[in-house]
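These notes are about the structure you will find just below.
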Amino acid sequence: MDQNLSDHPLTNDAVAARRRRRRRGMVVLMLSLSIASLGAGAFSLALFTDQATVGANAFNTGTIDLTTSPTTALLTNAAMFPGDVVNGTLVVTNAGTGALRYSMTTANTNATLAAGLTLQVRTIGPGCANFDGTDVVASVALSGPGNGFGSVTSGFQAGDRSLAVGASETLCFRVSLPLSADNTYQNLSNTTTFTFDAEQSKNN
């Protein structure tokens, strides 16, 4: 006698298992859709917001500006003889926006004559005509060592001179041809260049 397959106990168990799997799949799918919907809703909420800006933040760099007066021909003599002295007055000014320190170096076109000339530099004292200020450059050969002051090396160096913003100082120069000069120095010409190098004092 034929028996309905649906009434078979194994078949019923298989069908029930399939139904349970489908129900679990539907539950998982519905949960996934619910989470996706909640996430989309969270991103689409119309919340109150505000923003503040701070503008006009300006940054300007300073300047290091050293000037001299005169800028050329500080010392001249067209026909020097032994015993002659030439004086000059130089005003050094800090025309920049930061404190500075400066140094001086010397260069010559005729080493022979420059070696026979003597250079002195002093602070102004009562006046350059008196030449009785404090030594900045002691009496040295115009072309020899020590014929400048300070150093171009960064940072404070011995001999460097300092100037505040807007400050000036007067230096008195003197070049002489000693009475002891012999015929070696006749009919010679030399041009001297004094170079002043400045650097910032702040953070240095």
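The values are calculated or read from the model by the stated rules, or taken from the named source; none is laboratory data. These figures come from a predicted structure and were not determined experimentally. Cβ coordinates were reconstructed from backbone atoms using ideal geometry, including for glycine residues, and neighbour counts include every protein chain displayed. Side chains are part of the model used for accessible areas, which takes the heavy atoms of the whole protein and leaves out ligands, DNA and RNA. Shrake-Rupley method; radii C 1.70, N 1.55, O 1.52, S 1.80 Å.
At a glance:
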{"item": "Cβ-placed point charges (K, R +1; D, E -1), dipole of segment 44-200 about Cα centre in debye, nearest 20", "result": "140"}
{"item": "Charge context of SER151, other residues only, Cβ under 15 angstrom, K/R +1, D/E -1", "result": "-1"}
{"item": "Per residue solvent-accessible surface (Å²) - segment 74-184, probe of 1.4 Å", "result": "47"}
{"item": "Heavy-atom SASA rank of ARG24, ARG161 (probe 1.4 Å, accessible area, largest first)", "result": "ARG24, ARG161"}
{"item": "Projected area averaged over orientations for segment 103-204, convex hull of C-alpha atoms, nm²", "result": "7.6"}
{"item": "Simple label model, 7 Å out from Cα along Cβ direction - ALA79 to ASP135, nm", "result": "3.4"}
{"item": "HN-Hα J in Hz across segment 102-115 - Karplus 6.51, -1.76, 1.60, θ = phi - 60°, x for Gly and Pro", "result": "9, 9, 9, 10, 10, 10, 10, 8, 10, 5, 5, 5, 4, 5"}
{"item": "Carbon/sulfur fraction of accessible area - segment 66-147, other protein chains in place, 1.4 Å, %", "result": "54"}
{"item": "Extended-chain gain in nm, criterion 0.36 nm per residue less alpha-carbon gap, THR68 and ALA52", "result": "0.7 nm"}
{"item": "Kirkwood-Stokes translational diffusion coefficient of segment 145-204, alpha-carbon pairs, 25 °C, 0.890 mPa s, µm²/s", "result": "162"}
